[in-house]
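K.L.:
Got a structure here, written out as C-alpha cells. Questions coming.
The values are calculated or read from the model by the stated rules, or taken from the named source; none is laboratory data. Bear in mind the structure is a predicted one, so any value in this text is a computation, not a measurement. Glycine also receives a Cβ, built like all others from the backbone with ideal geometry; neighbour counts cover every protein chain displayed.
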Amino acid sequence: MSVLSSFESTRFYIENQFNNVVNQQFNGSHTLTAFFLLLVANFGVYWSFGLLFLGFDLLSTKLKRYKINSNHKNLQLSTAKLITVIKGVVFNQLITFGLICSVLYIRNVYLKFESQKKIPSFGRFLLEFIVHFLLQETLFYFVHRLMHKKWFYMKFHKIHHEWSTPIAILALYTHPVEHIFLNMLPLIVAPIIFQSHILVIFFFLSYETLVALISHSGYKFPWISKNAVFHDWHHLKKSENYGAMGLWDKILGTDKEYQKAIQSNKNKTI
Ligand SMILES: [Zn+2]
Ligand SMILES: [Zn+2]
C-alpha cells in the first residue's frame, strides 16, 4: 500500500468514526459537536494542563531543578493572586467560547456550510497548518509589538506583565480587549480563510493552548525548553522576544540581547 493511499484510508476511518460519534452522541448535529469540542479545547485542555503545572509549582520540590531561574525557584504564590488570575482567565475563555460558537452557528445554521462533514486530506491539513502557523506567528508578533507602545501598554497589556515571573495559568490572563486581538485574532484567521473542519480547529486551538501554557510555565524541561525560556525573557525584559516562536524576532532583530545571553551562557537568568 502506498503512503498516499494509507493516508487516504486513515482519513476515511477518522471521518467515519467522527460521523458515527456525531450521529450517536449529538443527534447528528455537527454544530452541537463543534460546541462540545470547543468546550474541551478551550477549557478542558487549558485547565487540565494549567492546573498540572500549578500542582508542580505548589507541591513538587523535585521539579524545581527544571525551573528557569532563581526567581522561579523562589516564587511565592498567594491565594488572592491566584484567584484574580483564575477569574480573569475564565472571563476571557467565556469570550472566546461565545464568539467562536456564534461564528460557527452562523456558518453552519444560517449559511448552511456543507463541507463540515469532510475530514481534510493530509496534504490539505498540512497546508492549513503551515498557513495557520505563519499567520499566527505574524499577527501575534505585530499585535504584541503594538501592545508595547505606551498607550496600548498602559491601557491593556500592563495586566499581563504584572507578573515578571510567569506561571502556566497566566497564559490567558490579559485585558479582554487584548485577549480578542492578541490571543484570538491570530488563531481564527486561518480557519476562517480555509473554512476549516471542526477537528482542524480543535487541533489548532489545543495546540496553541498547550504552547501558551508551556511558554508561561517557567519550566525548562529538556524536551520542551525553548518556548518557556524564550517567553520568560520577554516577561523579564519587556523589550525583546515579542513572537510566539521567534520567527519575526529573528528577522527584525528584536532578540539580539536574548541571543547574546544564550550564546555566552553567562546570564544567570537563562
Ligand atoms: Zn506572556
Ligand atoms: Zn508583552
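K.L.:
Does LYS64 fit the bill of being surrounded by fewer than 18 Cβ atoms within 10 Å (Cβ to Cβ), of a type in the set (Lys, Arg), part of a helix (DSSP H, G or I) and at pLDDT 90 or above?
P.N.:
Taking the combined requirement at face value, the residue does not satisfy it.
K.L.:
Sticking with this one: Quick one: what pairs do we get from region 71-98, first residue modelled with pLDDT under 90, second not polar (S, T, N, Q) and not in a helix (DSSP H, G or I), C-beta under 7 Å, 6+ apart or different chains?
P.N.:
From residues that are modelled with pLDDT under 90, the pairs are HIS72/GLY218; LYS73/LYS67.
K.L.:
Additional query: Please specify each residue of region 140-155 satisfying the condition of being more than 10 Å from ligand 2 (Cβ to nearest atom) and not in a helix (DSSP H, G or I).
P.N.:
Selection gives LYS149 alone.
K.L.:
Cβ contacts < 7 Å: first residue in contact (Cβ under 8 Å) with a residue 40 or more places away in the chain, restricted to region 233-244; second residue surrounded by fewer than 22 Cβ atoms within 10 Å (Cβ to Cβ) and aliphatic (A, V, I, L, M), any location; separation 6+ or different chain. Result?
P.N.:
Partner pairs satisfying both residue conditions: ALA244/VAL211.
K.L.:
Answer yes or no: is there a residue in region 214-222 that is surrounded by fewer than 20 Cβ atoms within 10 Å (Cβ to Cβ), within 18 Å of HIS160 (Cα to Cα) and within 16 Å of ligand 1 (Cβ to nearest atom).
P.N.:
no
K.L.:
When you look at SER78, is it more than 30 Å from ARG124 (Cβ to Cβ) and surrounded by fewer than 11 Cβ atoms within 10 Å (Cβ to Cβ), yes or no?
P.N.:
It is true that SER78 is more than 30 Å from ARG124 (Cβ to Cβ) and surrounded by fewer than 11 Cβ atoms within 10 Å (Cβ to Cβ).
K.L.:
May I pose another question? Tell me the helices (runs of 4 or more DSSP H) entirely within region 191-256 that contain at least 2 residues that are more than 24 Å from VAL40 (Cα to Cα) and away from ligand 2 (no atom under 12 Å from the Cβ).
P.N.:
Of the helices (runs of 4 or more DSSP H) lying wholly inside region 191-256, those with at least 2 residues that are more than 24 Å from VAL40 (Cα to Cα) and away from ligand 2 (no atom under 12 Å from the Cβ) span 225-237, 247-252.
K.L.:
Going through ILE188, ILE169, ILE180, ILE159 one at a time, which residue ends up being closer than 30 Å to THR33 by Cβ, within 13 Å of ligand 1 (Cβ to nearest atom), touching a residue at least 40 places away in the same chain (Cβ under 8 Å) and assigned to a helix (DSSP H, G or I)?
P.N.:
None of the others qualify; the one that does is ILE169.
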